[in-house]
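Step one of this worksheet: look at the structure below.
The numbers here are math on the coordinates, done by the rules we state, and not lab data. From a predicted model like this one, the values you see are computed outputs, not experimental measurements. Here the Cβ positions follow ideal geometry from the backbone for every residue, glycine too, while neighbour counts run over all protein chains shown.
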Ligand SMILES: NC(=O)c1ccc[n+]([C@@H]2O[C@H](COP(=O)([O-])OP(=O)(O)OC[C@H]3O[C@@H](n4cnc5c(N)ncnc54)[C@H](OP(=O)(O)O)[C@@H]3O)[C@@H](O)[C@H]2O)c1
């Protein structure tokens, strides 16, 4: 593996992927908006993946051994309210990137999600039937299908809810959002009826590198060890960062009637991740402690 393209490289997942890169691999990282990303391990390029000609030009100019395709609108609530724009962002981008991989025989790792499940029968294995409860889940199922039906060499990874430290311009994740609110002394309402085994973004990065090395065909679930609800996760954030737990209010989903439906429990079975990628899931405490170390080191 000498050269890898990662799309959505400024996102939380892309950051985890870049930070865990092995030596000697060159990484081109694509994002959408026109801003300068400080060069780390990757060369950052601003490019709209909905633009087929721009995608073809990139692949014609550079040679990639593999592609991690993670770009697209990934906010569940944004997708629910702006479906046409989100379809274009995710489906058209995936069409363009898969086409470029197909014609060149490049291994494609598509980044999907736990939102493909309805959350009524956890823990979920890779072979379980998908049944999304919101528009975001539906469009990711379509992208998975596109990858499976049009490519010869592919892996689909499904990361679950992710958290981690991302200093670049990006949307907040559960840990940074709770941390910021508690630091400001604001109260936080967290639901106790949505449950996952959350994934630390650097662990996700290591799993992606293992997927590139081993190229397993099929779907692989990526998740952490602890199955927690959002309220329990918030308490762990407060404990790890020494913040005031009493600001965290326990509520249920009926408190937020206007947001997109969430599947109640999409926790993953991580057997395939352990066996085929050689990655042992981290506890929430281990992930948060590592995140704190990175924040304090100014990384
Ligand atoms: N975060 C989670 O908890 C989670 C959980 C499960 C699955 N996933 C999946 O993991 C992947 C990455 O998620 P994330 O949370 O890291 O994403 P994110 O933080 O929302 O970042 C999205 C990335 O996609 C780029 N992008 C969006 N539209 C683009 C376009 N048309 N052309 C080029 N780049 C474009 C953005 O660029 P800009 O920076 O320029 O906007 C950014 O780099 C997604 O596929 C998501 O579905 C995420």
task = List the relative contact order of the range 189-276 as a percent without decimals, with contacts defined as Cα pairs under 8 Å and 6+ residues apart.
result = 50
query = Taking the alpha-carbon centroid of each part, what is the distance from the range 84-103 to the range 162-237 in angstrom?
reply = 26
query = How far is the Cα center of the range 31-81 from the Cα center of the range 260-299, in Å?
reply = 24
request  = Pull out the extension gain between residue 62 and residue 43, defined as 0.36 nm times the separation in residues minus the alpha carbon to alpha carbon distance; nm, one decimal.
outcome  = 5.6 nm
remark   = Least to most buried among 154, 209, 177, by other C-beta atoms within 10 Å and fewest first, runs 177, 209, 154
ask   = Cα axis of helix 135-150 to longest principal axis of the chain: angle in degrees, 0 to 90, nearest 10?
value = 30
ask   = From the Cα gyration tensor of the range 165-299, with a ≥ b ≥ c the square roots of its eigenvalues, which class applies: rounded if a/c is under 1.5, or else prolate if a/b is larger than b/c, or else oblate?
value = oblate
query = Between the helical axis of 174-183 and the dominant principal axis of the chain, each derived from Cα atoms, what acute angle in degrees is found, rounded to the nearest 10?
reply = 40
task = Please label the shape of the range 223-299 as rounded, prolate or oblate, based on the square roots a ≥ b ≥ c of the eigenvalues of the alpha-carbon gyration tensor (a/c under 1.5 means rounded; beyond that, a/b larger than b/c means prolate, else oblate).
result = oblate
Förster radius 35 Å - calculated FRET efficiency between residue 293 and residue 125, Cβ distance, rounded to 0.05 = 0.60
ask   = What's the Kirkwood radius of the range 65-207 in Å, using all Cα pairs?
value = 16.7
request  = Evaluate the relative contact order of the chain (contact order divided by residue number), counting alpha-carbon pairs under 8 angstrom at least 6 apart; express in whole percent.
outcome  = 20
ask   = Using the Cα gyration tensor of the range 62-137, with a ≥ b ≥ c the square roots of its eigenvalues, what is the shape: rounded (a/c below 1.5), prolate (a/b larger than b/c) or oblate (neither)?
value = oblate
key: Hydrodynamic radius (Kirkwood) for the range 204-249, which is based on Cα pairs only, to one decimal in Å   = 13.3
key: Efficiency of FRET from Cβ geometry, residue 247 and residue 99, R₀ 51 Å, rounded to 0.05   = 0.55
task = For residue 85 paired with residue 150, estimate the spin-label separation in nm (one decimal), with each label point 7 Å from Cα along the Cα-to-Cβ line.
result = 2.4
message = If neighbour count is taken as other Cβ atoms inside 10 Å, put 23, 245 in order from fewest to most.
response = 23, 245
request  = Using packing as a proxy for protection, rank 247-258, 231-242, 125-136 so that the peptide with the highest average count of other Cβ atoms within 10 Å comes first.
outcome  = 231-242, 125-136, 247-258
key: Relative pair counts by distance (%), Cα atoms of the chain, 10 Å bins   = 6, 28, 37, 22, 5, 0
task = Return one number: the angle in degrees, 0 to 90 and rounded to the nearest 10, between the long axis of the Cα atoms of helix 52-61 and the longest principal axis of the Cα atoms of the chain.
result = 70
request  = Calculate how many DSSP beta bridges within the chain are antiparallel, expressed in % of all such bridges and rounded to the nearest 5.
outcome  = 5
key: Computed [θ] at 222 nm, helices only, for the chain once each DSSP H run of length n ≥ 4 contributes -39500 (n - 2.57)   = -11000 deg cm²/dmol
inquiry  = Quick check: residue separation of residue 192 and residue 33 times 0.36 nm, minus the Cα distance between them. What number comes out in nm?
reply    = 53.7 nm
